Amino acid sequence: MKSVGIVGLGSYVPERVLTNFDLEKLVDTSDEWITTRTGIKERRVAAAHETTTTMAIEAAKMALADANVPPSEVDLIIVATVTPDYFFPSTACQVQHAIGASKAAAFDLLVGCTGFVYGVVTACQFVQSGGANCALVIGSETLTRIVDWSDRKTCVLFGDGAGAAVIAPVPEGRGLLGFDLGSDGSGGPLLKAGALQSCYANPLESGFSGRPTLFMNGNEVFKFAVRVMAESTLAALQKSGLTIGDVDLIFPHQANIRIIDAAARRLGVSMDKIFVNVDKYGNTSAASIPIAMDEAKRNGLLREGSVVVAVSFGAGLSWASFVMRM
Ligand code: UT7
């Protein structure tokens, strides 16, 4: 089997910063509560002209420039998002047109916050099998447009942004070493946003206000997250023939510093092996891991040959992780 991995990274976040102090003016909350319970200090909010598609396009262009790959060489585009501009056309098709990837197949992937990791694993299968030569995987979200701004339990958590990775053949022994994907639909009601008005038959439960809004049972998702982050990391490492001691850097889904801390304790790794930027961006769902990986690369933390793990959890419920030698 061909060795395939990430050969370029890019990200885009909106300029507008919404701090915890700004949120104190919107809902009954405090910087102290948000910081101690989540680790988030601020998040980005898309301007009127910015959408999931426009941010995906910017992140894609940066990833292609980083990989030194022209759009004409991309033959597969996968966009992971739960906040597309349209049900159809797909975000991926709009990116394909905007960047001029004239020979690319394109589709969206809806796996909640887990979408980017699912997308990378899917793209690697295409390139490994010869079904594609070069793929773009993008996570892009405008969650601030679906949160219920009167619900302090959720509106303080989420932010907007996009991240992208170019997937292509790499030297033998590098690239994707193993992965673990999973789902448990019985937990679907714990984290959801309806797509059509008919889904909002019970306005008390959904908080329906004329547009789709996000509902979450935070406590239950928290317990699930702590468990699957550690279990999925170990499962992917086992499939890679590696142990936790071989890992140089872990990219956990950036949802809550307490979830990341708890998962690190379960794995027995120190926090200096875990990349964290949840303080700056909050939870950007499918965009959180590529934004983090791009930041790490720009800070010189993704060295040649280093072993990284990306691990995520989210709506579905779902979880996913991959192990990659850079
Ligand atoms: O990407 C996947 C998405 N999901 C997640 O990652 C979320 C996972 N869950 C979590 O991160 C946490 O469960 C939350 C951050 C959502 C909540 O933290 P918690 O420590 O589990 O708090 P809680 O829900 O148990 O609430 C504790 C108290 C409650 O007040 P009472 O009932 O004890 O009086 C809440 O009403 O904190 C209150 N509260 C707040 N207070 C100030 C809830 N939200 C806020 C807020 N500001 N924003």
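Report the FRET efficiency, 1/(1 + (r/R0)^6), for Arg258 and Glu220, where r is their Cβ-Cβ distance and R0 is 22 Å, rounded to 0.05.
It comes to 0.90.
Residue by residue through segment 173-178, which ³J(HN,Hα) values in whole Hz follow from phi under the Karplus form 6.51 cos²θ - 1.76 cosθ + 1.60 (θ = phi - 60°), with glycine and proline marked x?
x, 9, x, 5, 9, x
Just the number please: accessible area per residue for the chain, 1.4 Å probe, all protein chains included, in Å².
Result: 41 Å² of accessible area for each residue.
Along the Cα→Cβ direction, 7 angstrom out, place labels at Asp184 and Ser306. What is the inter-label distance in nm?
Result: 3.2 nm between the two label points.
Just want to confirm a number: the relative contact order over the chain, from Cα pairs under 8 angstrom separated by 6+ residues, in percent.
Answer for the chain is 26 percent.
Could you give the length gained by full extension between His49 and Gln238, i.e. 0.36 nm per residue of separation minus their alpha carbon distance, to one decimal place?
That works out to 63.6 nm of additional length.
What residues qualify as long-range amide H neighbours of Asp148, i.e. H under 5 Å apart, gap of 5 or more or another chain, H built at 1.01 Å from N?
Amide H to amide H, under 5 Å and 5 or more residues apart or across chains, Asp148 pairs with Leu214.
Using DSSP H assignments, which helices in the chain have an axial alpha-carbon span of 18 Å or above and a mean Kyte-Doolittle hydropathy of 1.0 or higher?
Helices meeting the span and hydropathy rule in the chain are 115-129.
Report, to the nearest whole %, how much of the accessible area of the chain belongs to carbon and sulfur atoms, 1.4 Å probe, protein only.
After summing per-atom areas, the C and S share lands at 54 percent.
Could you list the residues of segment 36-66 with an amide nitrogen less than 19 Å from a label point located 7 Å from the Cα of His97 in the Cα-to-C-beta direction?
Residues passing the 19 Å test: 49-61.
Would you work out the relative contact order for segment 176-325, in percent, from Cα pairs under 8 angstrom that are 6 or more residues apart?
38 percent
Given R₀ = 51 Å, FRET efficiency for Asp22-Asp246 by Cβ-Cβ distance, to 0.05?
For R0 = 51 Å, the calculated efficiency reads 0.75.
The values are calculated or read from the model by the stated rules, or taken from the named source; none is laboratory data. Fair warning: this is a prediction, and the values are worked out from it, not measured in the lab. Positions of Cβ are backbone-derived with ideal geometry, glycine not excepted, and every protein chain shown enters the neighbour counts. Note: accessible area is taken over every heavy atom of the protein model, side chains too, but ligands, DNA and RNA are not part of it. Shrake-Rupley method; radii C 1.70, N 1.55, O 1.52, S 1.80 Å.
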